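Colleague: Shown below is the structure under consideration.
Here, each number is a calculation from the coordinates, and none is a lab measurement. The structure displayed is predicted, hence computed values, not measured ones. Cβ placement follows ideal geometry from the backbone for every residue including glycine, while neighbour counts extend to all protein chains displayed.
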Amino acid sequence: MFKKIKEICNINNKEKQMPTTTTESRAVKNLRDEVKQQKELLANVLDRISGLSDQVATLKTELNKFKIDVAGDVNYLTNRVDR
């Protein structure tokens, strides 16, 4: 009786471990390749976004400095004209 139960368990285990069909294997491989490509693309996009974010921060700093410089020049010219 125990032998039959063991055989049934072994048959069930073998069914679970059976290899997938070639179509499923190809589909899984294609999906893995697509996920890999998307990860690479996402990494590139995130790197580009990071670079653009740095450039925006630099431009903001330069623009604020430019505004301060222009305001100083306008004050200087206004004072010179008023004299």
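Colleague: If each of Phe66 and Arg80 carries a label point 7 Å out from its Cα toward its Cβ, how far apart are those two points in nm?
Modeller: Simple spin-label model gives 2.2 nm for this pair.
Colleague: Can you compute the FRET efficiency between Ser25 and Val45 using 1/(1 + (r/R0)^6), with r the Cβ-Cβ distance and R0 = 22 Å? Round to the nearest 0.05.
Modeller: Details: r = 30 Å, r/R0 = 1.37.
The formula returns an efficiency of 0.15 here.
Colleague: Now for a different question. Once you place label points 7 Å from the Cα toward the Cβ at Glu34 and Gln55, how far apart are they in nm?
Modeller: 3.2 nm
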